[in-house]
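As structure tokens, the structure follows; a few thoughts come after it.
The values are calculated or read from the model by the stated rules, or taken from the named source; none is laboratory data. All values derive from a computational prediction rather than experimental measurement. A quick note on method: Cβ atoms are made from the backbone with ideal geometry, for glycine too, and the neighbour counts reach across all protein chains shown. The area values use the complete protein model at the heavy-atom level, side chains included, leaving out ligands, DNA and RNA. Shrake-Rupley method; radii C 1.70, N 1.55, O 1.52, S 1.80 Å.
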Amino acid sequence: MSTLGNNIRQHRQDRNMSLQELAFKIRCGVHTVQEYESGIRTPDNGTLLKISTALDVSTSQLLNKPTLNP
């Protein structure tokens with residue numbers, strides 16, 4: 001499983017959000033979210049932004065990239 005997929009799943013579960021709820025918020029199918037979480041598919045940049053907004057995290061957190069602190 002990809003790091004991105006693991007991070008999406010973890011943040012979704014941390015918020016007690018179902019696959020259906022996330023799929024609804026980002027306007028895609030449940031199967032697509034499952035594929036993102038399992039690493040079968042990678043969301044495009046626009047979808048990644050929708051996921052980060054729905055989960056209230058930065059895209060860097062989902063991608064597991066360190067954020068810059070001023």
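Pairs under 7 Å by beta carbon, first residue without any contact (Cβ under 8 Å) to a residue 60 or more places away in the chain in segment 1-30, partner open to solvent by 70 Å² or more (accessible area, probe 1.4 Å), six or more apart or different chains? Once the first residue is without any contact (Cβ under 8 Å) to a residue 60 or more places away in the chain and sits in segment 1-30, its partners that are open to solvent by 70 Å² or more (accessible area, probe 1.4 Å) give Asn7/Gln61; Asn7/Asn64; Leu19/Gln34; Ile26/Lys50; Val30/Gln20.
Condition first: charged (D, E, K, R), in a helix (DSSP H, G or I), in contact (Cβ under 8 Å) with a residue 12 or more places away in the chain and open to solvent by less than 30 Å² (accessible area, probe 1.4 Å). Can you find one or more residues in segment 33-47 that meet it? If you could, list the steps in order and put the result at the bottom.
Just the residues of segment 33-47 that are charged (D, E, K, R), to begin with: 35, 37, 41, 44.
Keeping just the survivors that are in a helix (DSSP H, G or I) gives 35, 37.
With the extra rule that they be in contact (Cβ under 8 Å) with a residue 12 or more places away in the chain, the set shrinks to 37.
Of the ones still in play, those that are also open to solvent by less than 30 Å² (accessible area, probe 1.4 Å) are 37.
Scanning segment 33-47 turns up at least one residue that is charged (D, E, K, R), in a helix (DSSP H, G or I), in contact (Cβ under 8 Å) with a residue 12 or more places away in the chain and open to solvent by less than 30 Å² (accessible area, probe 1.4 Å).
Among the residues making up segment 1-32, those that are of a type in the set (A, V, I, L, M, F, W, C) and part of a helix (DSSP H, G or I) are Leu4, Ile8, Leu19, Leu22, Ala23, Phe24, Ile26, Val30.
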